[in-house]
1. Which one of these does A:N115 not meet: (1) within 14 Å of chain B (Cβ to nearest Cβ); (2) open to solvent by less than 10 Å² (accessible area, probe 1.4 Å); (3) polar (S, T, N, Q)?
2. Within the range A:35-60, take every residue that is within 15 Å of A:R76 (Cβ to Cβ) and open to solvent by 20 Å² or more (accessible area, probe 1.4 Å) and give me the one that is farthest from the other protein chains (Cβ to nearest Cβ).
3. A:R135 is checked against (1) out of contact with any helix residue (DSSP H, G or I) (no Cβ under 6 Å at 6 or more places or on another chain); (2) basic (K, R); (3) within 21 Å of A:Y189 (Cβ to Cβ) and fails just one. What number does that condition carry?
4. I'd like to check something: does the range B:168-179 contain any residue that is surrounded by 20 or more Cβ atoms within 10 Å (Cβ to Cβ) and under 14 Å from the mean Cα position of the chain (by Cα)?
5. Could you tell me whether the range A:38-45 includes any residue that is assigned to a loop (DSSP other than H, G, I, E, B), at pLDDT below 95 and on the phi < 0 side of the Ramachandran plot?
6. For the range A:152-187, name all the residues that are of a type in the set (V, I, T) and under 30 Å from A:G56 (Cα atoms).
7. Any chance the range A:167-180 includes a residue that's assigned to a loop (DSSP other than H, G, I, E, B) and under 30 Å from B:D15 (Cα atoms)?
8. How many of the residues making up the range B:210-236 are in contact (Cβ under 8 Å) with a residue 12 or more places away in the chain and out of contact with any helix residue (DSSP H, G or I) (no Cβ under 9 Å at 6 or more places or on another chain)?
Amino acid sequence: MNEKPKKLINKKGLRLDGRKPDELRPVKLKVGILPNADGSAYIEHGKNKILAGAFGPREMHPKHLQRADRMVLRCRYHMAPFSVPERKSPAPSRRENELSKVIRDALLPSLFVENYPRTGVDLYIEVLQADGGTRCASITAASLALADAGLPMRDLIVACAAGKVDNKIALDLMDTEDKIGAADVPVAYMPNLNAVTLLQMDGKLSPKEFDEAIKMAIEGCKKIYDIQKEALKTKYKIIEQEEVEE
Amino acid sequence: MPTFFEKKQLVIPGDLLAEGEYFAGDNTYKEKNKIFAARIGLADCTNKKINIVALKAFYFPQMGDVIIGTVKQVGFSGWTVNIKSPYIAILRASDVLSRSFKPQNDELSQVLTAGDLIVAKVASFDRYHDPQLTVGEPGLGKITRGQIMNITPTKIPRVIGRKGSMITNIKNETGCQIILGKNGVILVTGKNPKDEELAMAAINKIEEESHTSGLTDRITQFLKEEKAKIEENNNE
């Protein structure tokens, strides 16, 4: 990050890493990789590497955090000290606290919280390597971890961002584009219910550009959803294969 | 009014299962006349009711369930019991002693202490109260011998089999007593450890292959083969 590139999109219309404006970074997902957690998932979204582990539902401790009428989702987003070029202090920062809250709120609509009063679910999200768009990648992985823990859910949640670089709307910004670019719009989305659960924006966009960015982000979500679906099924596929043999 | 899945198809949360006049059964939910999946599992439809046999779930207490739990803590007038569910169960001293409990006469830790295993029944449970257990019925109470194993709670019905065919089968072949806790904990008591291990191997096999058909026959065969092997070893 020493020298800033002047142009984010070159003459051929390609971005710094050779992507087209409406192209996603490669996404890889794996489910159930932490045997000690009730449910877990790992995502590689471009250069982002994020682990998510879920515990519960279990008795909520400390007791004063219990809610008599619903389940509580407790979420911790944390960046490892080695996740960014300059060492990050491992203590939770203001940004991490905020992201924890944002991720929790994005995931809550997918859960039947009213069915399990007085219980709690713990969700731990560990960013091992960050390169822009970690909140979106975290939500995608965390939703899988919750499903893997056996929690009833309305739908899986996928998240993806779109933004504006060099006066052009582009999908899935990476770190450099996010920092130099003009705007970033992360969207979390339930594909089967066609519902948005997270919508943020920083930077400046005209209403027209904003609409275009949301549309693009949702298209991106749908693409990631296919990968997410496949990842969840893969873990339970062994059983399906046995069936075919019968 | 179509359904959008084949029998025993693997579905994940959010999958659209059916539209129109269907009822939402286990692990599904209804919204705007559409039925969606709520858990990973295998979908099935009987009499317009759509069910999912979940591949992963946790135990949710229900009144009347027989469960196996571990005593967690000795309290003033009872015990707290871990029943492998989101809620911690309570066992009252007066229920165990079957007479009124007087703190000056009875020492609770002499009856049950932390770590003891008990077979119990869920006496009451609702949204506002933790499950309360009872041991006041024949067959319930402290476990003194046998071996314990854990399986996913959703697979207990498969171990029981149709009208109990699977479990009677294992009991007859191994000569073991088997108590299935609805919370996925199983107690196997036999005349010797070898019988118990055979029964446990059979149950493990059921858990691994719980979604295949013709399992009862294969388990019978498996038990016969294993028994033959043991006898061979004994003769040598």
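The values are calculated or read from the model by the stated rules, or taken from the named source; none is laboratory data. Everything quoted here is computed from the prediction, not taken from an experiment. Please note: Cβ atoms are built from the backbone with ideal geometry, for glycine as well, and neighbour counts cover all protein chains shown. Only protein heavy atoms, including side chains, enter the accessible area calculation; ligands, DNA and RNA are left aside. Shrake-Rupley method; radii C 1.70, N 1.55, O 1.52, S 1.80 Å.
1. Going through the list (1) within 14 Å of chain B (Cβ to nearest Cβ); (2) open to solvent by less than 10 Å² (accessible area, probe 1.4 Å); (3) polar (S, T, N, Q), A:N115 breaks only (2).
2. A:L51
3. Tallying (1) out of contact with any helix residue (DSSP H, G or I) (no Cβ under 6 Å at 6 or more places or on another chain); (2) basic (K, R); (3) within 21 Å of A:Y189 (Cβ to Cβ), A:R135 fails exactly one: (1).
4. We begin by selecting, within the range B:168-179, every residue surrounded by 20 or more Cβ atoms within 10 Å (Cβ to Cβ); these are B:170, B:174, B:176, B:178.
Add one more test, that the residue is under 14 Å from the mean Cα position of the chain (by Cα), and what stays is B:178.
Yes, some residue in the range B:168-179 is surrounded by 20 or more Cβ atoms within 10 Å (Cβ to Cβ) and under 14 Å from the mean Cα position of the chain (by Cα).
5. Step one: list which residues in the range A:38-45 are assigned to a loop (DSSP other than H, G, I, E, B), which gives A:38.
Next, only the ones that are at pLDDT below 95 stay: A:38.
Going one step further and asking which of them are on the phi < 0 side of the Ramachandran plot, we end up with A:38.
There is at least one residue in the range A:38-45 that is assigned to a loop (DSSP other than H, G, I, E, B), at pLDDT below 95 and on the phi < 0 side of the Ramachandran plot.
6. Residues of the range A:152-187 that are of a type in the set (V, I, T), as a first pass: A:157-158, A:165, A:169, A:176, A:180, A:185, A:187.
Within the range A:152-187, A:I157, A:V158, A:V187 meet the criteria.
7. Residues of the range A:167-180 assigned to a loop (DSSP other than H, G, I, E, B): A:167, A:172-174.
Going one step further and asking which of them are under 30 Å from B:D15 (Cα atoms), we end up with A:172-173.
Checking the range A:167-180: at least one residue is assigned to a loop (DSSP other than H, G, I, E, B) and under 30 Å from B:D15 (Cα atoms).
8. So the count comes out to 0.
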